[in-house]
Structures are given as C-alpha cells and as structure tokens.
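The values are calculated or read from the model by the stated rules, or taken from the named source; none is laboratory data. Owing to the predicted nature of the structure, the values given are computational and were not obtained by experimental measurement. Methodologically, a virtual Cβ is constructed for each residue, glycine included, from the backbone with ideal geometry; neighbour enumeration extends over all protein chains shown. Just the protein is used for accessible areas: all its heavy atoms, side chains included, with ligands, DNA and RNA removed. Shrake-Rupley method; radii C 1.70, N 1.55, O 1.52, S 1.80 Å.
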Amino acid sequence: MKRHLIYLNLILTLTWQHACLAQNENAETTISSESFTLNLEEKQGVFAGKVVVSHPKFELFTEEMVVYFTVDNKVERMLAKGQVRIKQADKSSESREAEYLVGEKKIILTGNPVVTQGENIVSGNTINIYPETDKMEVTGRSKLQFYLE
C-alpha cells in the first residue's frame, strides 16, 4: 500500500508543474487569447477569452489568465480563472482556478480541483503542488481513487 501511495504521489505531482517553466526555462511558451491588456502601472497583464498556453511540456486552457509582475517586472504569480484545464502527457487536471506562486514554486488548484493520471484520481477542496519536490497536499474533504496493477 505504501509503495502505491508513493507511486501515486509521484504520478499526481503533475499539473502545471512545469507550467511556470520549472524544468526548461528556455523552452518557447506561447499564450493566445481573444484579448490582452497590459497595465504597467498596476504591474499586471490580463489575457481574456479562450486563453491557451502552449509549452513543449504542457497545455493550459482557461477563460482568463492574469500575470502579476514585481517592481522590477519579473513574473511574481499567475492566476488562471474559469474552467481551467491542464494537460501534460497522460496527466491532466481540472479546476475553477489555478495559481502559480513563482517565489514559492507552488501551484494551487481551487474550485473543485481534480487531478488524474490514467484511471487514478485525486480531488479535494484545494490541491497544492510543489513541482520541484514532487510533493502534493490535498486539503478539505479529500478523495483518492486508484487502481492496483
């Protein structure tokens, strides 16, 4: 059982784990949307309407994505809102919101988040993913459904 939980933890540390370019910072990332607004005074950019983020390691689909910048114009955090879907190889996630905190290297899925790989499923109120340490935390009412091979 312990072996399967360790295996499942590694499997489900997926979503967006490299969405913020944790493994391949030089890989080309393309963001498309129906509109884009950049407000340098407020240090944020807003992609709205059928947002698609394409990276060699993942794809993200959402209704809106806000990128927040630091004083020196580096990305501080990204917030995807509205039917967020992330696909990476045979793994995927769905949630109402997905936030990446750059400094903490932490992905937060909220709004009925569900993470899947094959037939294995994890859900809860909030799913926190730490891609660099292969760690995941599920808070609130949690459910784990997995299949032994």
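Key figures
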| item | result |
| --- | --- |
| Accessible-area ranking of 147, 100, largest first, probe 1.4 Å | 147, 100 |
| Percentage relative contact order, segment 54-139, counting C-alpha pairs under 8 Å, at least six apart | 19 percent |
| Pair residue 43, residue 114: separation of 7 Å Cα→Cβ label points (nm) | 3.7 nm |
| Local net charge near residue 37, Cβ-Cβ under 14 Å (Lys/Arg +1, Asp/Glu -1) | -3 |
| Total lysine pairs whose alpha carbons fall under 24 Å of each other in segment 54-149 (8 or more apart, or interchain) | 26 |
| Orientation-averaged projected area, Cα convex hull of segment 23-126 (nm²) | 7.0 nm² |
| Label point distance in nm, residue 35-residue 125, each placed 7 Å from Cα along Cα→Cβ | 3.5 nm |
| Spin-label model distance (nm) - residue 135 vs residue 83, 7 Å beyond Cα toward Cβ | 3.5 nm |
| Surface accessible to a 1.4 Å probe, residue 33 within the full protein complex, Å² | 40 Å² |
| Taking only Cα atoms of segment 40-93, radius of gyration then Dmax in Å | 12.4, 40 |
| Computed FRET value (nearest 0.05) for residue 54 with residue 148, which takes r as the C-beta separation and R₀ as 41 Å | 0.70 |
| Gained length - residue 74 relative to residue 96, 0.36 nm times residue gap less alpha-carbon distance | 5.4 nm |
